[in-house]
Amino acid sequence: MTTISDFKPLKKDGARSRTLPGYVYHSSEIYEQEKTLIFDRVWQVVAHEGELANSGDYVTAEIAEEKIFVIRDDDGVLRAFYNVCQHRAHTLLTGTGNVNNTIICPYHAWAYTKSGALKASRYTKTLPDFDPAAFSLREIRLEIACGFVFVNQDPNALSIEETWPGFIDSVNEHVPWWSELSFHSRSDSDVNGQDDHASNWKVLAENCRECYHCAPAHPAFVDLVDMKRYKREYHDGWFLNQAPVNKHDNAAYTVLPTEPVQKAMFWHLWPNNEIGISPGERNLSSFRYYPSGPETMRMSSINAAVAGVGIGAECSNYMWNVLWPEDEGICDAVQQGLKSKGYRQGRFVMDGESGGESEQGVHEFQLQYAKVMRLPVEE
Ligand code: FES
Ligand SMILES: [Fe+2]
């Protein structure tokens, strides 16, 4: 049976290192370990505060097949819970919406308050030793950063500020107007019933962390932004990449000189969250990709924009109907290739002249991955 010891370990020096083997992108055993060692412990962006304005407003989300929901309770507190009934485990909520009074399980109608307490359970009055307090919903950690709601299943997790030190300050510095934005829209693979995407989540994580592929794969993107001024800043647990607009009239979409955002910026937050702005109207979006199996993933994207202005139609059309399909095609092809008997472990392109186009972000991601997954790393 294949194990990780059959492969060359990563090296700390990216310029000398082989990439991770294809095995970690399709092994069920690795995927189960990722659930425990990664997804049970990390912050996940799951909502925008603005879509949970009123008591009873809720959104559902998934974290590596674990279902959760976030709801605003009657005291105005946002809370996150596992999305599972304490009776016989039916899912409680789907999609997004408002629960009105109580959270009612569709199976046998047990009802929970918005704070997670069991309020009504039919025909349980005469049950011996039945204590409703023992059947409250199980709550998980929740924090808000830059208007976005993050959750974490680990009760002992470090705060967001400690997990990604400097990230919130960096958004405040570059996007000082973020608090003036309102919830605009969301797109979820599962909520919209779209098919799962046919690649391991790490394939997309790595693709998002380098722009070495931008010139060959995204011809319009490299016309939109100035690749010569494409910059990256690396920090503990996160990094920022940014590039100014190259041409107002370009192959992707028109950016008027009068529009307030004249650059693209993305904060990549370990392991699978991104927050970013795109050229055009004021906007701040989150993007999260997460596994639904060893070889499949789903995505969730949430957009905040100026109320009444929104996000330019040309911009979202380019992002979702051109740029994303280009990346999706790449990821699907790479996933297939990573399973080929003809593929050996590759190399990271870290040439000094590659500048913003280097694959340093991919190497950093794989080093962090090796650390948390307890894979060997060589000097
Ligand atoms: S599983 Fe929810 S009420 Fe029975
Ligand atoms: Fe891409």
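The values are calculated or read from the model by the stated rules, or taken from the named source; none is laboratory data. Just so it is clear, the model here is predicted, and its values are computed rather than measured. Please note: Cβ atoms are built from the backbone with ideal geometry, for glycine as well, and neighbour counts cover all protein chains shown.
When residues in segment 225-236 are screened for being surrounded by 18 or more Cβ atoms within 10 Å (Cβ to Cβ) and at pLDDT below 95, 2 of them pass. When each of ALA304, ALA264, ALA252 is tested for being farther than 30 Å from THR163 by Cβ, surrounded by 19 or more Cβ atoms within 10 Å (Cβ to Cβ) and either assigned by TED's automatic domain parsing to the domain that holds HIS213 or in contact (Cβ under 8 Å) with a residue 60 or more places away in the chain (or both), the lone residue that passes is ALA252.
Among the helices (runs of 4 or more DSSP H) confined to segment 283-379, the ones with at least 3 residues that are under 30 Å from GLU66 (Cα atoms) and acidic (Asp, Glu) are located at 324-338. Residues in segment 130-147: is at least one touching a His at 6+ places or on another chain (Cβ under 8 Å), touching a residue at least 24 places away in the same chain (Cβ under 8 Å) and away from ligand 1 (no atom under 16 Å from the Cβ)? For segment 130-147, residues touching a His at 6+ places or on another chain (Cβ under 8 Å), touching a residue at least 24 places away in the same chain (Cβ under 8 Å) and away from ligand 1 (no atom under 16 Å from the Cβ): present.
Out of all the residues in segment 117-147, which are on the phi > 0 side of the Ramachandran plot and either within 16 Å of ligand 2 (Cβ to nearest atom) or surrounded by fewer than 19 Cβ atoms within 10 Å (Cβ to Cβ) (or both)? Listed by number, the residues that qualify are TYR123, ASP129.
All of (1) within 15 Å of ligand 2 (Cβ to nearest atom); (2) of a type in the set (Asp, Glu); (3) touching a residue at least 40 places away in the same chain (Cβ under 8 Å) hold for ASP223 with one exception: (3). Among the residues that make up segment 17-31, is at least one of them closer than 22 Å to PRO155 by Cβ and in the same structural domain as GLN368 (by TED's automatic domain parsing)? Checked against the condition, which is being closer than 22 Å to PRO155 by Cβ and in the same structural domain as GLN368 (by TED's automatic domain parsing), segment 17-31 yields no hits at all. Would you confirm, using the coordinates I've provided, whether ASN207 is within 17 Å of the chain's Cα centre (by Cα), within 30 Å of VAL306 (Cα to Cα), more than 16 Å from ligand 1 (Cβ to nearest atom) and not assigned by TED's automatic domain parsing to the domain that holds ASN283? For ASN207, the condition - within 17 Å of the chain's Cα centre (by Cα), within 30 Å of VAL306 (Cα to Cα), more than 16 Å from ligand 1 (Cβ to nearest atom) and not assigned by TED's automatic domain parsing to the domain that holds ASN283 - is not met.
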